């Protein structure tokens, strides 16, 4: 009788152990994050997102075409997106309703179509190009190709950055064409022989655009001393903190910062 009782107890213990092993561990909940906003920062986050999701398979990160920092914040407040990509620091009033995280600095740089056959220029010559005083790349040792200037609006932070970096107070040529967004600027210069414009260096690399970043006066656009740097970051609504915190932590980690540096984001 005792033997029977002991065997019964052992059987029950083994059976319980098997049942516990058969129970599947619940998987982490699937989390989707939709990003839009600054045309200079959105493609950067889109480019490096796969590095994050490779280690966090329960996350899915989607990006919409960038518009502007302000547009991203408005969409965030209306719960149309989860993360607003930004090319400036959040203002004090914005910080009353959103959480802002700085991820680095991005240099605003002049870009040209490869057909111009030029890689370097002086700041004086660059100002002359955008002022319309130089109209053919051959005047600078490049191809015999008419120059077409593309600019952003006077109120654009990207125009402000280029004025700090090199343009100063020049008046753009009357033949300059207005690019509606960062993506539009990069795409136009990529596809228009003779074109010259300016864009965020990390965004140019992230979009894999076929353009030349035009150096001037041997200035280093990834130096902390470069005057044309813009702060880049992201913002989100505080109640989304639990879902977004892992992505933010990764961006600020050594691995995330290394991925950003590959795109020439300045720490």
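The values are calculated or read from the model by the stated rules, or taken from the named source; none is laboratory data. Keep in mind that this is a model prediction, so the values were computed, not measured. Positions of Cβ are backbone-derived with ideal geometry, glycine not excepted, and every protein chain shown enters the neighbour counts.
Among the helices (runs of 4 or more DSSP H) confined to the range 195-267, the ones with at least 3 residues that are assigned by TED's automatic domain parsing to the domain that holds residue 48 are located at 241-252, 254-262.
Answer yes if at least one residue in the range 71-84 is farther than 18 Å from residue 244 by Cα and either in contact (Cβ under 8 Å) with a residue 24 or more places away in the chain or touching a helix residue (DSSP H, G or I) at 6+ places or on another chain (Cβ under 6 Å) (or both), and no otherwise. Yes: one or more hits.
For residue 63, indicate whether it is under 21 Å from residue 201 (Cβ atoms) and either surrounded by 20 or more Cβ atoms within 10 Å (Cβ to Cβ) or within 17 Å of the chain's Cα centre (by Cα) (or both). It is true that residue 63 is under 21 Å from residue 201 (Cβ atoms) and either surrounded by 20 or more Cβ atoms within 10 Å (Cβ to Cβ) or within 17 Å of the chain's Cα centre (by Cα) (or both).
Hey, any hits in the range 111-124 for a residue that's on the phi > 0 side of the Ramachandran plot and in contact with a helix residue (DSSP H, G or I) (Cβ under 9 Å, 6 or more places away or on another chain)? Looking through the range 111-124, at least one residue is on the phi > 0 side of the Ramachandran plot and in contact with a helix residue (DSSP H, G or I) (Cβ under 9 Å, 6 or more places away or on another chain).
Residues of the range 169-188 that are over 24 Å from the mean Cα position of the chain (by Cα) and either in contact (Cβ under 8 Å) with a residue 40 or more places away in the chain or surrounded by 18 or more Cβ atoms within 10 Å (Cβ to Cβ) (or both): 170, 171, 172, 173, 174, 175, 176. Residues in the range 163-179 that are in contact with a strand residue (DSSP E or B) (Cβ under 6 Å, 6 or more places away or on another chain) and assigned to a loop (DSSP other than H, G, I, E, B): 172, 173, 176, 179.
The rows are residues; the columns are (1) modelled with pLDDT of 95 or more; (2) farther than 21 Å from residue 173 by Cα; (3) under 24 Å from the mean Cα position of the chain (by Cα).
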residue	(1), (2), (3)
112	yes, no, yes
125	yes, no, no
144	yes, no, no
155	no, no, yes
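All conditions but one from (1) assigned to a loop (DSSP other than H, G, I, E, B); (2) crowded, with 19+ Cβ neighbours inside 10 Å; (3) not assigned by TED's automatic domain parsing to the domain that holds residue 62 apply to residue 153; the one that does not is (2). Screening the candidates 216, 247 for the property of being surrounded by 15 or more Cβ atoms within 10 Å (Cβ to Cβ), touching a strand residue (DSSP E or B) at 6+ places or on another chain (Cβ under 7 Å) and over 30 Å from residue 144 (Cα atoms) yields one hit, 247. The combined condition, being part of a helix (DSSP H, G or I) and not assigned by TED's automatic domain parsing to the domain that holds residue 88, is fulfilled by residue 189.
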